[in-house]
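In what follows, a structure is listed as structure tokens, so that the remarks can point back to it.
Here, each number is a calculation from the coordinates, and none is a lab measurement. Just so it is clear, the structure is predicted and the values come from calculations on it, not from any experiment. Cβ placement follows ideal geometry from the backbone for every residue including glycine, while neighbour counts extend to all protein chains displayed.
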Amino acid sequence: AELEEAYNAMVDICMSMDYGLMESIICDLREYKLEAEDKEKVSKIESLLAELDWDGIISVVQQDVKA
């Protein structure tokens, strides 16, 4: 549930393009014991953040979200 909240927060952060806050959430997520799939997702988000690809981050975050 916390992970889902973090992903939802990432979408909001992308809308405001807040690099520092996004970086902070990624650091927090790295502290969690994540499943391999989520570790991969966080790494992908981190790479996209380095490129400032906000739309890319949103699409990665929303990939697994069930409407």
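Summing +1 for each Lys or Arg and -1 for each Asp or Glu, what net charge is found among the other residues whose Cβ lies under 12 Å from the Cβ of Ile45? Present the calculation step by step, with values, prior to reporting the outcome.
On the way: positive: Arg30, Lys39, Lys41, Lys44; negative: Glu23, Asp38, Glu40, Glu46, Glu51, Asp53.
Surrounding charge for Ile45 is -2.
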- [ ] Return the single residue from Asp28, Asp12, Asp55 with maximal mean-square fluctuation; model: Gaussian network over the chain, springs between Cα atoms under 10 Å.
- [x] Asp28
Task: Helix-derived mean residue ellipticity, 222 nm - over the chain, DSSP H n ≥ 4, -39500 (n - 2.57), to 500 - done: -24500 deg cm²/dmol
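Over all distinct Cα pairs, what is the inverse of the mean 1/r for the chain, reported as the Kirkwood hydrodynamic radius in Å? Show your work: numbers first, answer last.
Working: mean 1/r = 0.0852 Å⁻¹.
Hydrodynamic radius (Kirkwood, Cα pairs) of the chain is 11.7 Å.
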- [ ] Would you mind ranking Tyr19, Tyr7 so that the residue whose beta carbon has the fewest other beta carbons within 10 Å leads the list?
- [x] Tyr19, Tyr7
Open item on the list: Which residues among region 1-20 fall inside the zone where the amide N is under 19 Å from a point 7 Å beyond the Cα of Lys33, along Cα→Cβ?
Closed with: 1-4
Task: Low-density loop cleavage sites - trypsin sites (Lys or Arg not before Pro) in the chain, where at most 10 other Cβ are within 10 Å (DSSP) - done: Lys33, Lys66
Task: Those GluC sites (Glu not before Pro) in region 1-51 that DSSP places in a loop and that have at most 10 other beta carbons within 10 Å - done: Glu35, Glu51
